[in-house]
1. Identify which of R258, R184, R282 has the largest mean-square fluctuation in a Gaussian network model of the chain, with springs joining Cα atoms closer than 10 Å.
2. Could you work out which residue, out of L195, L42, L159, moves most in a Gaussian network model of the chain, that is, has the largest mean-square fluctuation with Cα springs under 10 Å?
3. Go ahead and estimate [θ] at 222 nm for the chain from helices alone: -39,500 (n - 2.57) per DSSP H run with n ≥ 4, summed, over the residue count, rounded to 500.
4. Show me, for the range 125-130, the HN-Hα J-couplings you get by feeding each phi into the Karplus relation (A = 6.51, B = -1.76, C = 1.60, θ = phi - 60°), rounded to Hz, glycine and proline as x.
5. Can you list the HN-Hα couplings for the range 188-195, worked out from phi with the Karplus curve (6.51, -1.76, 1.60; θ = phi - 60°), rounded to whole Hz and with x for Gly and Pro?
6. Let's test the formula: R0 of 25 Å, r as the Cβ-Cβ distance of D268 and R87. What FRET efficiency results, to the nearest 0.05?
7. If amide H atoms are built 1.01 Å from N in the plane of the peptide, which residues on other chains or at least 5 residues away come under 5 Å of the amide H of Q213?
8. Which one, F83, A247, T215, is farthest towards the positive end of the dipole of the chain when Lys and Arg carry +1 and Asp and Glu -1 on their Cβ?
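The values are calculated or read from the model by the stated rules, or taken from the named source; none is laboratory data. What you see is a predicted model, and the numbers here were worked out from it, not measured in a lab. Note that each Cβ is placed from the backbone with ideal geometry, even for glycine, and that neighbours are counted across all protein chains shown. Please note that ligands, DNA and RNA were not included when accessible areas were found on the heavy atoms of the full protein model with its side chains. Shrake-Rupley method; radii C 1.70, N 1.55, O 1.52, S 1.80 Å.
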Amino acid sequence: MTEFVQNLVDGLGRGSIYALLALGIAVIFGVMHLLNFAHGELITVSGYVAYWAFTHGASWVWIAPLVVVVSIAVSLAIEQVAFRWVRGAPDFTLLLTSFGVHYVVEATFLMYVSANVKTFNRPDWITRTLHAGSITFELFDIVVIAVTLVALAATALVLQRTMFGMALRAAADDFDVARLMGVRSNRVIRGAFALAGALAGIAAVFWLMRAGQTTPGAGITPMLKGVLAALVGGLGSLRGAVIGGFALGIAEVFLRSRLPDVVTGLTDGFVFVLIAVLFIFRPGGLITVRRAERV
């Protein structure tokens, strides 16, 4: 029982980061039907900004909010520079554009910064533990879960109680009808990218804290995890994205704890097998979403 609870908390901590990333991907997909494979570049750029800030003597107290602000700014810049010009294009064109942004950003850091790993100090408290009877929890996991729950609650309030949230949900349901009802497409799309950037920025803070380093390809793994979680939950479902993120994190941790040591490195492979089985029985993911008209 003790091991089960510890693995569950660890899985929720890992899944919290995936949930934040998946929710941002689902928000953008909802309004543009764009599966954004450039989403991980928000973490890449944020990682280099964090490294720059460390070299200038900043601490995580200042770096954490800086990472969130940079992530929002980069998300808006990507929308303005790349996606704004292909909004009416076929889905495949949007997908290729997102891949193009990813490779341009990665190549820029490779050519003009460095291919070497850039390391920085992790917070002192990241390795601390808390004890509840015979159960030991990592403080990092508790903080990640708590911050994620607050972020998700704030996002839910924005979506349910604000004019922007209502416009975003209307656009996700049917963009053409929403525009006929007075919803401004430019404002909604920019708002969606800003919201996705904020969620990715919060995820980036904890991802970088745990990694303690960054590279030109640092955003690839978190991007893939976020996309996978969104697919598992049901692409286009905001609630499904969150559920998919937590499910993916829990599955990884429990498989890693149960698999023999000789095959622990194949955890991701076993996770993909389980997801493939899920898609056989539920092709649309855990939550099926009615496909709406794309802008």
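1. Of R258, R184, R282, the most mobile in the Gaussian network model is R258.
2. L159
3. It comes out at -24000 deg cm²/dmol, rounded to the nearest 500.
4. Those phi angles translate into 7, 5, 9, 6, 10, 10 Hz.
5. 5, 5, 4, x, 5, 5, 5, 5
6. Plugging the Cβ-Cβ distance into 1/(1 + (r/R0)^6) gives 0.15.
7. For Q213, the qualifying residues are F120.
8. Selected residue: F83.
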